[in-house]
Amino acid sequence: MDKTKLYSVGRVIVARNVTEHVVAATVAWDAETSKLSLRYYLDRDPHEDDEDECEYAMTEPIAEFPYLELASTECIRLASADDAQRLEGVVFIRRREEG
């Protein structure tokens, strides 16, 4: 899967499946193992609903890309919103409101 398609698909699925506590989300593709990974970075410790939304978001690419052999999801507490700027494979980042 090329990076353009990966990020495009990632942005679409994540845009519809994030909770208010998701600060950022990343996707990664490992061509050697045919594994797609989705990570949600949160402003708190992960709760079950965060993990459910992340897993639900992964169902769309699994259905769309039959060559996927492995998929993983993970929810991680982000120490600081500024840390989101250093993540690789970002497909979603919540903008802080000014004011």
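The values are calculated or read from the model by the stated rules, or taken from the named source; none is laboratory data. Owing to the predicted nature of the structure, the values given are computational and were not obtained by experimental measurement. Positions of Cβ are generated from backbone atoms using ideal geometry, with glycine treated the same way; all protein chains shown enter the neighbour counts. Heavy atoms of the whole protein, side chains included, go into the accessibility calculation; ligands, DNA and RNA do not. Shrake-Rupley method; radii C 1.70, N 1.55, O 1.52, S 1.80 Å.
Summing +1 for each Lys or Arg and -1 for each Asp or Glu, what net charge is found among the other residues whose Cβ lies under 9 Å from the Cβ of Thr73? So the environment of Thr73 carries a net charge of -2. Computing FRET efficiency as 1/(1 + (r/R0)^6) for Tyr67 and Arg16, where r is the C-beta to C-beta distance and R0 is 22 Å, gives about 0.45. Using a 1.4 Å probe on the protein heavy atoms, what percent of the accessible area of the chain belongs to carbon and sulfur? Carbon and sulfur: 45 percent of the exposed surface of the chain. Rg ratio for the stretch 32-78: its Cα radius of gyration over 2.2 N^0.38 Å, N being its residue count, equals 1.23. Charges were assigned to the Cβ only: +1 to each Lys and Arg, -1 to each Asp and Glu. The resulting dipole of the chain about its Cα centre is roughly 460 debye. In the chain, Cα pairs under 8 Å separated by at least six residues give a relative contact order of 36 percent.
Taking 0.36 nm per residue of separation and subtracting the current Cα-Cα distance, fully stretching the chain between Arg44 and Glu88 would add 13.8 nm.
Taking the helices alone, the chain has a mean residue ellipticity at 222 nm of -10500 deg cm²/dmol, built from -39,500 (n - 2.57) per DSSP H run of at least 4 residues and averaged over all its residues. For the chain, the residue among Ser8, Leu36, Cys75 whose Cα projects farthest onto the positive side of the dipole built from Cβ charges is Ser8.
Surface analysis of the chain yields an accessible area of 63 Å² per residue, using protein heavy atoms and a 1.4 Å probe. When the chymotrypsin sites (Phe, Trp or Tyr not before Pro) in the stretch 20-99 are filtered for DSSP coil states and for at most 14 other beta-carbon atoms within 10 Å of their beta-carbon, the remaining sites are Tyr67. Against the chain, whose longest principal axis comes from its Cα atoms, helix 48-64 is set at around 30 degrees. Here the chain is treated as an ellipsoid with the same Cα gyration tensor; its semi-axes, largest first and in whole Å, are 23, 14, 12.
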